[in-house]
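Enquirer: Just passing along the structure, written as structure tokens.
The values are calculated or read from the model by the stated rules, or taken from the named source; none is laboratory data. For clarity, every value in this text was computed on a predicted model and none was experimentally measured. Every residue, glycine as well, gets a Cβ built from its backbone with ideal geometry; the counts of neighbours run over all protein chains shown. Keep in mind that these areas ignore ligands, DNA and RNA; they rest on the heavy atoms of the full protein, side chains included. Shrake-Rupley method; radii C 1.70, N 1.55, O 1.52, S 1.80 Å.
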Amino acid sequence: MARARKRLAGAAGPDKKGPEGKRPKTKNPGAASAKVENSSLQETSASENCGKNLSGYWLMKSEPESRLEKGVDVKFSIEDLKAQPRQTTCWDGVRNYQARNFLRAMKLEEEAFFYHSNCREPGIAGLMKIVKEAYPDHTQFEKNSPHYDPSSKEDNPKWSMRSLTLF
């Protein structure tokens, strides 16, 4: 689960293709290179000055098609989220340490893309908002859960989850 950031679009450099898919033609390649460097410096300066106005989004991946894990269907789609009371759910079952750390780093009211993964048509299916601080994932303690982790202890849980709501 990586955090995506909007960024400023850059000018095509001497080795990069322009908007029409063609390399820019120039009589003096050195001049073009200097222009790109200056443009790049302005871009960096603009992004530093306006960086606070750029918003970030979390990418929350889920599988919209049925898949059994330890005899339990772990399918969850945007339609399943829409069917939840107040279109709010907990994001449980994360069993990757880096993804867990990202879950813990999220702030209230931040936005996240609901991403359909591992399906015929993967992609962003909706926009959500984080509505609850990180808290222990209860599925790590449930022996019948496909996300059960026998090495996790209730007094020192390994795994966290978040509550999110659909925009």
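Enquirer: Got a number for residues in region 121-135 being within 17 Å of Glu63 (Cα to Cα), in contact with a strand residue (DSSP E or B) (Cβ under 7 Å, 6 or more places away or on another chain) and open to solvent by 50 Å² or more (accessible area, probe 1.4 Å)?
Expert: Within region 121-135, residues that are within 17 Å of Glu63 (Cα to Cα), in contact with a strand residue (DSSP E or B) (Cβ under 7 Å, 6 or more places away or on another chain) and open to solvent by 50 Å² or more (accessible area, probe 1.4 Å) number 3.
Enquirer: Here's a check for you: in region 79-129, which residue that is touching a His at 6+ places or on another chain (Cβ under 7 Å) and small (Gly, Ala, Ser) is nearest to Tyr148 (Cα to Cα)?
Expert: Gly93
Enquirer: What number of residues within region 87-113 are open to solvent by less than 20 Å² (accessible area, probe 1.4 Å) and assigned to a helix (DSSP H, G or I)?
Expert: 2
Enquirer: Just the residues that are under 19 Å from the mean Cα position of the chain (by Cα) and part of a loop (DSSP other than H, G, I, E, B), please, taken from region 63-85.
Expert: Correct list: Glu63, Pro64, Lys75, Phe76, Ser77.
Enquirer: Is region 56-69 home to any residue that is open to solvent by 20 Å² or more (accessible area, probe 1.4 Å), in contact with an Asp or Glu (Cβ under 9 Å, 6 or more places away or on another chain) and among the hydrophobic types (A, V, I, L, M, F, W, C)?
Expert: There is no residue in region 56-69 that is open to solvent by 20 Å² or more (accessible area, probe 1.4 Å), in contact with an Asp or Glu (Cβ under 9 Å, 6 or more places away or on another chain) and among the hydrophobic types (A, V, I, L, M, F, W, C).
Enquirer: Give the residues of region 132-143 that are closer than 30 Å to Leu166 by Cβ and free of Cβ contacts under 8 Å to residues at least 24 places away in the same chain, sorted by residue number.
Expert: Those that are closer than 30 Å to Leu166 by Cβ and free of Cβ contacts under 8 Å to residues at least 24 places away in the same chain: Gln140, Phe141, Glu142.
Enquirer: Among Lys158, Lys153, which is at pLDDT 95 or above, surrounded by fewer than 17 Cβ atoms within 10 Å (Cβ to Cβ), in contact with a helix residue (DSSP H, G or I) (Cβ under 9 Å, 6 or more places away or on another chain) and under 16 Å from Arg100 (Cβ atoms)?
Expert: The unique qualifying residue is Lys158.
Enquirer: Only one residue in His116, His147, His138 is modelled with pLDDT of 95 or more and open to solvent by 60 Å² or more (accessible area, probe 1.4 Å), so which one is that?
Expert: His138
Enquirer: Would you point out which residue out of Ser66, Ser33 is among the polar types (S, T, N, Q) and modelled with pLDDT under 50?
Expert: When all the criteria are applied, what remains is Ser33.
Enquirer: Looking for something of a type in the set (Lys, Arg), under 20 Å from Asp137 (Cβ atoms) and touching a helix residue (DSSP H, G or I) at 6+ places or on another chain (Cβ under 9 Å) - is there at least one such residue anywhere in region 86-105?
Expert: The answer is yes; a qualifying residue exists.
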